[in-house]
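The values are calculated or read from the model by the stated rules, or taken from the named source; none is laboratory data. Just so it is clear, the structure is predicted and the values come from calculations on it, not from any experiment. Reconstructed Cβ throughout: ideal geometry from the backbone, glycine too, with neighbour counts over all protein chains shown. The accessibility values were calculated without ligands, DNA or RNA, using every heavy atom of the protein model including side chains. Shrake-Rupley method; radii C 1.70, N 1.55, O 1.52, S 1.80 Å.
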Amino acid sequence: MLSRLVLTSGSALKNSGSFGACVVQASRSIHSSPQSKAPLPPLPEKGGKIRHGIFPEELFSLLYPKTGVTGPYMLGTGLLLYMLSKEIYVINHETFAALSISSVIIYGIKKFGPGVAAYADKLNEEKVAKAQEVKDVAVARLAQAIEDEKKEQWRVEGRHMLFDTKRNNVTMLLETNYRERLHMVTSEVKRRLDYQVELQNLHRRMEQEHMVNWVEQNVVKSITPQQEKESIAKCISDLKVLAKATQARAAV
Amino acid sequence: MAGRRAAIKAVDWVAFAERVPPNQKAMFNNLKTRSDAISAKLASLPEKPAPIDWSYYRKTVAKAGMVDEFEKKFAALTVPEPVDTQTAKINTQEQESNKSALDYIQASKARIVQYEQELGKFNNMIPFDQMTIEDLNHTFPETKLDKAKYPYWPHKPIADL
């Protein structure tokens with residue numbers, strides 16, 4: 001009952017995990033046995049509604065149909081007066097002690113209750129936020145891991161490209177080699193034929209030169225002294241004619 | 001003469017590059033440069049050598065029959081094709097890699113199933129503000145306090161608080 005007192009004045013209390021109404025708690029522990037798999041109802045945020053810190057709202061709603069709004073108040077007043085007048089409750093020094101103590105307690109709770117409740121809530125919020133963060137990080141990590149695995153599988157699918165490249169390279173190298181061989185054969189044959197042609201040309205040139213030299217030599221040898229004298233006389237007469245022609249031109 | 005060996009398959013280098021994981025990029029670049037060098041060399045060689053002009057040589061060379069003999073021998077000559085020793089090895093390599101790839105994919109799928117299980121557990125969990133301590137211990141067994149080992153509150157070594 002005292003917990004309910006704390007609850008109303010500390011109305012900022014949201015999370016009532018362990019403060020929750022014992023009825024709900026009991027139903028939860030009943031449900032944890034493997035008899036019913038139905039999902040549990042959510043935990044209540046606040047405790048049962050109460051009026052004036054002590055009296056549950058159910059009493060008021062119980063009496064409302066028969067006695068209206070003022071019914072429970074009349075009942076309370078009547079009960080109090082009955083107990084006082086019949087001296088079922090005797091007023092003595094303890095009454096005043098109870099009044100003073102309870103007024104101080106009520107004042108304290110009303111003043112500091114919300115602050116303490118907010119502080120307790122903050123502690124709880126931090127715990128929940130930390131747990132939530134852990135959960136979020138874990139979920140993100142798992143999703144990323146799944147993505148990465150799928151990507152790796154996609155990568156693996158491309159492995160045939162590597163082997164295609166290798167086979168292509170081998171084919172190209174073989175083809176290159178073959179072509180080089182063909183080229184080499186052709187060029188070798190061509191070189192040999194060209195050599196023969198060059199050889200022939202060389203022969204012919206040498207023969208030509210030799211023949212020319214021989215003809216020259218023979219001609220020079222065959223120039224007799226008689227021919228030489230005749231050719232010199234001819235040269236002189238030619239020169240004289242030329243000189244006369246030049247003189248004539250110079251005089252003109 | 002063109003169909004005497006396997007045709008060269010076109011390799012899509014862009015798609016290939018996409019599939020290379022980042023830690024093998026250097027090897028991939030080496031492979032690409034080598035392949036490009038080989039294909040450039042191949043492209044620089046004409047497929048057939050220039051034919052020899054036999055009539056010119058027949059006119060020029062005086063020796064009788066030499067040109068004819070050369071021509072006959074040249075026509076009869078067949079250049080042996082180089083022997084392919086590597087393709088078989090490459091094929092066996094490919095078989096092995098296929099096998100290991102299948103194994104890897106199996107393992108990867110098992111891992112994905114495991115991850116998805118854990119993900120399902122997280123997604124189907126009741127929200128934290130609806131949980132009790134019992135529910136927390138059920139979902140995350142590591143939060144359960146060992147009351148047998150540490151019988152006195154706080155049920156865990158003080159250093160762990």
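Apart from one condition, residue A:140 fits all of (1) open to solvent by less than 40 Å² (accessible area, probe 1.4 Å); (2) more than 7 Å from chain B (Cβ to nearest Cβ); the exception is (1).
So that you can scan it fast, the table gives a plain yes or no per residue for (1) under 20 Å from residue B:42 (Cα atoms); (2) more than 7 Å from chain B (Cβ to nearest Cβ); (3) open to solvent by 70 Å² or more (accessible area, probe 1.4 Å); (4) without any contact (Cβ under 8 Å) to a residue 60 or more places away in the chain:
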position: A:153; (1), (2), (3), (4): no, no, no, yes
position: A:170; (1), (2), (3), (4): yes, no, no, yes
position: A:184; (1), (2), (3), (4): yes, yes, yes, yes
position: A:194; (1), (2), (3), (4): no, yes, no, yes
position: A:205; (1), (2), (3), (4): no, yes, yes, yes
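Of the residues examined, residue A:18 is one that is of a type in the set (Gly, Ala, Ser), at pLDDT below 90 and open to solvent by 70 Å² or more (accessible area, probe 1.4 Å). Within segment B:126-161, restricting attention to residues that are among the aliphatic types (A, V, I, L, M) and either farther than 23 Å from residue A:140 by Cβ or in contact with a Phe, Trp or Tyr (Cβ under 9 Å, 6 or more places away or on another chain) (or both), the residue that is farthest from the other protein chains (Cβ to nearest Cβ) is B:148. Scanning segment A:185-194 for residues that are in a helix (DSSP H, G or I) and among the small types (Gly, Ala, Ser) turns up at least one hit. Between B:94, B:118, the distinction of being touching a Phe, Trp or Tyr at 6+ places or on another chain (Cβ under 7 Å), in a helix (DSSP H, G or I) and either on the phi < 0 side of the Ramachandran plot or open to solvent by 50 Å² or more (accessible area, probe 1.4 Å) (or both) belongs to B:94 only.
Screening the candidates A:53, A:76, A:113 for the property of being open to solvent by less than 100 Å² (accessible area, probe 1.4 Å) and not in a helix (DSSP H, G or I) yields one hit, A:53.
Considering segment B:2-89, the qualifying helices (runs of 4 or more DSSP H), each wholly inside and each with 3 or more residues that are open to solvent by 50 Å² or more (accessible area, probe 1.4 Å) and over 25 Å from residue A:186 (Cβ atoms), run over B:13-19, B:25-44.
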